[in-house]
Each structure stands twice: as C-alpha cells, then as structure tokens.
Amino acid sequence: MTINLYIAGQDQTGLLAVNSAQITRDLNGRASFSGQLEERFSPGYRPAKGSTLVVSDGASPETKYFAGLIWSVIERHHPPGVRLQYDVEARDYNSILSHRLVNAEYENKSLSYILDRINENFLSNENITISTDSPSPTITERLTFFYETVASVLNRLSTITGLTWYVDFDKVLHFSAFTSNPAPFGLTDSSGNWRDLEIERSDDDYRNRQHERTEIALAGAAGSGGDD
C-alpha cells in the first residue's frame, strides 16, 4: 500500500519520519492525524498551521485515508548540524464546523434550505458542498440560533430529523440516514501492508446500559408514568 503525504498541495512524503504517522477515526465520526516531519531534504521548510494535509495513495482516482487542516505544529531543533523536527497534528474538515458561528432564525423551512443558507452565510470561503437525502424533510417549528457553532446547529437538526451528518475528506457535508462506511483498505497476512500498521482492540468503551437524551420532549405512552 503506497502512502503519500501532501501539505498545502505539495508532496512532502520525503519529510515524514519512519513509523511516525498515525491516523485515528471513530466509526462515522471524526478523524485526526499525527506525525513527525524531519527537515532533511527541504532545508528551510516549515509546515504552517491551517494548511491542508492529505494522506492518500497518490493514484488516479485517488483514495484518501485522511484529509483536513493542520491544527498544531511543535518545532524542535537537534544540534549538532541543522536538523529541525516538527510534530504535526491535523484534524479533519469537521473541525471547521466547531469554530464557525451561526446567528439566524428559520421557520417552516426544508432541511436543505437551512443547510444551504448556513453554508452560504456562515461557511463562506470554506468550499464546503452539501449532500442531503431527497426529498428533504421540512422543519415546521421555529429555530433560533444565537451565535451557536455550526456543529451545534447541525446536532440540533439531527435530533429533530433523526438524520446524521459528517464532512468527508472531499469537503462534502453529508446529512442523511445512517449508513455504514467500508474501510478504505484491507489488512490481511497476505496483503503485504501489515508490517507498518497496528490494530488495538479493547473493552474501553464496553457498557451494559446506555442512556440517550434528546433536546426535544418526547410524548410518553398513554397511561405511563402514573403511580399505582
């Protein structure tokens, strides 16, 4: 399996320290990247916070294993000689929605209309496109968002509609019914790609009971909740 690292659209694979790259991702959730770059072949190169970072196979059509924005850079110098090391962390494009605010009110509008207006008015210049199920449900109640993050707004819309949302590695905001996403690559004893990968399995998230809360009131069954 070929791995290529692109920062701000430029191939920087040669700077990536061996066995330093790690990608974590929750199922249908957020992804992050961490790795170490070494200034060996590009003297004076410094990764910039906010730059795009993509990990892919470099093929056409391209398979992306991660895409997002550099969130933090730690620079380190190791004398003798001039060698700089950079600890780089990046978050996927979902992080954009946690830092942009919405101040708006909608009533009796379709979900697609609301998403389009949010994208147009509060995510301008982010180059995000919208993908929703058709037909888009209409939300009749009045929705007031007073400087809430886009992520918080989408969570509220998700609670109302029962749909889920996420931003993929191509900056497409999906708002639709839950679907399973297959892994972008396989890992087997014969695949030839297992030597530099590590899989951890644990019961850290095990639970025998789960409670769910909703932001809107749910009507109980008739006759329930009374005292005997």
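The values are calculated or read from the model by the stated rules, or taken from the named source; none is laboratory data. The model shown is predicted, which means the values in this text are computed figures rather than measured ones. When we count neighbours, we look across all protein chains shown, and the Cβ atoms used for this are built from the backbone with ideal geometry, even at glycine. Heads up: the accessible areas ignore ligands, DNA and RNA and are worked out on the full protein's heavy atoms, side chains in. Shrake-Rupley method; radii C 1.70, N 1.55, O 1.52, S 1.80 Å.
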### Positive minus negative residues near SER98 (Lys, Arg vs Asp, Glu; Cβ under 10 Å)
+3
### Task
May I ask you to give the solvent-accessible area per residue for the range 115-162, in square angstrom, as obtained with a 1.4 angstrom probe?
55 Å²
#### Entry: Relative packing of 138-149, 90-101, which averages over residues the other C-beta atoms within 10 Å, highest first
90-101, 138-149
### Summary
The distance between the Cα centres of the range 71-127 and the range 4-35, in whole Å, is 16 Å
### Message
Once you order the gyration tensor axes a ≥ b ≥ c over the Cα atoms, which shape class does the range 65-122 get: rounded for a/c under 1.5, otherwise prolate or oblate by comparing a/b with b/c?
### Response
prolate
